[in-house]
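J.: Have a look at this one.
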Amino acid sequence: MSLTEPLFKKLCLIGLGLIGSSIARAARASRAVQEISALDASPQVLARVRELGIADDAGGDMERALKGADLVILCVPVGVIGAVAKTVAPYLETGAVLSDVGSVKGSVVAQIAPHVPHGVHFIPAHPLAGTEYSGPDAGFATLFQNRWCILTPARAGGDAVEATAEFWKRLGAKVETMTTEHHDLALAVTSHLPHLIAFNIVGTAAHLEQVTQSEVIKFSASGFRDFTRIAASDPTMWRDIFLNNREAVLEMLSRFNADLDALRSMIEKGDGQGLFDLFTRTRAIRRGIVEQGQDTAAPDFGRTH
């Protein structure tokens, strides 16, 4: 198949926030699909999608939006994804691929699987990409470039899985396939725990009686400032992630607390060599992330001012 030949005839995106609107832009730019329809619970969001022109149909009619769609991607918060799947299920066509972009996979599979009609391929997905912004205006076509997208096929034929993987590759992503359990454990430490720490440290700084909130903002050094970027992420999405991946998050949090106790002990004992060895190992991990193209070594993380 040529790189300009569409992989799917019609893509229906349900939820046009940062990820959904970025998929729409990237799918159009890469010609991965022939047609794009959009559904969203907010009439204001659909109106903005029409203004932006990132979908061929954003009228809000569910039956029309899903008619002929051979790829349907749920881009809604994990907490409501089961209810949305149940609503759209009667309109899914035989042979279509039903997917999602949720940051938790075990809970997503448990919520969606009971509603998937016979003959529909269910292929959960998680693109490891995003920003702290939300809404259809926040999306951009290059969001997935050189980022990973993890597939956890639940009920699908090999050809459908291959086509879905090729779709994400066409959008610029690298694709990995794994079990839902492995995904949720891996993401608990690489994504969910860091966000939890960011939310907590920013909250701690805001509550310090010795430092007013204005001083926290005024004198933010680069480390705290970078935490605030993460802590500015969508509250609804992250509430749902922690509640729906609680076991893996709690396991990683226990490990983190043990490591934090060890770090505190080093400081109390004046163990300079222990601190130096730890910081050397963590520095090497950062360099590895940059070498794999998952971030930039440019000053200030490549930010423009």
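The values are calculated or read from the model by the stated rules, or taken from the named source; none is laboratory data. This one's a predicted model, so the numbers in the text were calculated from it and none came from an experiment. Cβ: placed from backbone, ideal geometry, glycine included. Neighbour counts: every protein chain shown. The accessibility values were calculated without ligands, DNA or RNA, using every heavy atom of the protein model including side chains. Shrake-Rupley method; radii C 1.70, N 1.55, O 1.52, S 1.80 Å.
J.: Only one of these conditions is not met by residue 58: (1) touching a helix residue (DSSP H, G or I) at 6+ places or on another chain (Cβ under 8 Å); (2) within 27 Å of residue 148 (Cβ to Cβ); (3) of a type outside the set (Val, Ile, Thr). Which number is it?
T.: Tallying (1) touching a helix residue (DSSP H, G or I) at 6+ places or on another chain (Cβ under 8 Å); (2) within 27 Å of residue 148 (Cβ to Cβ); (3) of a type outside the set (Val, Ile, Thr), residue 58 fails exactly one: (2).
J.: Follow-up. Of all residues in region 138-160 being open to solvent by less than 30 Å² (accessible area, probe 1.4 Å) and among the β-branched types (Val, Ile, Thr), which is farthest from residue 291 (Cα to Cα)? So that I can check it myself, show each step before the final result.
T.: Step one: filter region 138-160 for residues open to solvent by less than 30 Å² (accessible area, probe 1.4 Å), giving 138-139, 143-144, 149-152, 157, 160.
Next, only the ones that are among the β-branched types (Val, Ile, Thr) stay: 150, 152.
Values: 150: 20, 152: 26 Å.
Per the stated criteria, the residue is 152.
J.: Using the structure shown, decide if residue 56 is of a type in the set (D, E, K, R) and in contact with a strand residue (DSSP E or B) (Cβ under 7 Å, 6 or more places away or on another chain). Spell out the reasoning first.
T.: Details: of a type in the set (D, E, K, R): yes; in contact with a strand residue (DSSP E or B) (Cβ under 7 Å, 6 or more places away or on another chain): yes.
In short, yes.
J.: Being open to solvent by less than 70 Å² (accessible area, probe 1.4 Å) and assigned to a loop (DSSP other than H, G, I, E, B) is the filter here; which residues of region 47-69 pass it? Walk me through it before giving the result.
T.: First, the residues of region 47-69 that are open to solvent by less than 70 Å² (accessible area, probe 1.4 Å): 47, 49, 52-55, 57-60, 62, 65-66, 68-69.
The answer is 53, 54, 55, 58, 59, 60, 68, 69.
J.: Starting from region 17-43, take each residue that is in a loop (DSSP other than H, G, I, E, B) and list its partners that are open to solvent by 30 Å² or more (accessible area, probe 1.4 Å) and among the small types (Gly, Ala, Ser), counting only C-beta distances under 8 angstrom and pairs at least six apart or across chains.
T.: Close Cβ pairs satisfying both conditions: 17/134; 40/60.
J.: It is to be established whether one or more residues within region 62-84 are in contact (Cβ under 8 Å) with a residue 40 or more places away in the chain and among the charged types (D, E, K, R).
T.: Yes, some residue in region 62-84 is in contact (Cβ under 8 Å) with a residue 40 or more places away in the chain and among the charged types (D, E, K, R).
J.: Only residues that are touching an Asp or Glu at 6+ places or on another chain (Cβ under 7 Å) and open to solvent by less than 30 Å² (accessible area, probe 1.4 Å): list them for region 70-98, please.
T.: Within region 70-98, 73, 74, 78, 81, 96, 97 qualify.
J.: Another question, if that's okay. Keeping to region 137-186, report how many residues are out of contact with any Leu (no Cβ under 9 Å at 6 or more places or on another chain), free of Cβ contacts under 8 Å to residues at least 60 places away in the same chain and not hydrophobic (A, V, I, L, M, F, W, C).
T.: 11
J.: Just the residues that are more than 12 Å from residue 11 (Cβ to Cβ) and open to solvent by 90 Å² or more (accessible area, probe 1.4 Å), please, taken from region 25-43.
T.: Scanning region 25-43 gives a single hit, 41.
J.: Of everything in region 161-192, what is in a loop (DSSP other than H, G, I, E, B) and open to solvent by less than 30 Å² (accessible area, probe 1.4 Å)? Give them in sequence order. Outline the logic, then answer.
T.: Restricting attention to region 161-192, the residues satisfying the condition of being in a loop (DSSP other than H, G, I, E, B) are 171-173, 178-179.
The answer is 171, 172, 173.
J.: Determine whether residue 21 is surrounded by 24 or more Cβ atoms within 10 Å (Cβ to Cβ), farther than 27 Å from residue 157 by Cα and out of contact with any His (no Cβ under 7 Å at 6 or more places or on another chain).
T.: Working: surrounded by 24 or more Cβ atoms within 10 Å (Cβ to Cβ): yes; farther than 27 Å from residue 157 by Cα: yes; out of contact with any His (no Cβ under 7 Å at 6 or more places or on another chain): yes.
So residue 21 fits the description; yes.
J.: Continuing with this model, one more query. Quick one: in region 116-137, which of the residues that are within 28 Å of residue 49 (Cα to Cα) and open to solvent by 40 Å² or more (accessible area, probe 1.4 Å) is modelled with the lowest pLDDT?
T.: Quick first cut of region 116-137, residues within 28 Å of residue 49 (Cα to Cα) only: 116, 120-137.
After this cut, where a residue has to be open to solvent by 40 Å² or more (accessible area, probe 1.4 Å) as well, the list is 121, 128, 130-134, 137.
On the way: 121: 96, 128: 93, 130: 84, 131: 82, 132: 79, 133: 85, 134: 88, 137: 96.
Here the answer is 132.
J.: I'd like to check something: does region 275-298 contain any residue that is in contact with a Gly (Cβ under 7 Å, 6 or more places away or on another chain), under 30 Å from residue 136 (Cβ atoms), modelled with pLDDT under 75 and open to solvent by less than 100 Å² (accessible area, probe 1.4 Å)?
T.: Residues of region 275-298 in contact with a Gly (Cβ under 7 Å, 6 or more places away or on another chain): 296.
Filter once more, keeping what is under 30 Å from residue 136 (Cβ atoms): 296.
From what is left, the residues that are modelled with pLDDT under 75 are 296.
Subset that is open to solvent by less than 100 Å² (accessible area, probe 1.4 Å): 296.
Scanning region 275-298 turns up at least one residue that is in contact with a Gly (Cβ under 7 Å, 6 or more places away or on another chain), under 30 Å from residue 136 (Cβ atoms), modelled with pLDDT under 75 and open to solvent by less than 100 Å² (accessible area, probe 1.4 Å).
J.: When residue 103 is evaluated against the numbered criteria (1) within 22 Å of residue 236 (Cβ to Cβ); (2) in contact (Cβ under 8 Å) with a residue 60 or more places away in the chain; (3) open to solvent by less than 30 Å² (accessible area, probe 1.4 Å); (4) outside any loop (DSSP other than H, G, I, E, B), which criterion, by number, is the only one it fails?
T.: Single failed check for residue 103: (4).
J.: Now a separate question. Of all residues being open to solvent by 70 Å² or more (accessible area, probe 1.4 Å) and among the aliphatic types (A, V, I, L, M) in region 222-266, which is modelled with the lowest pLDDT? Just the residue, please.
T.: That would be 237.
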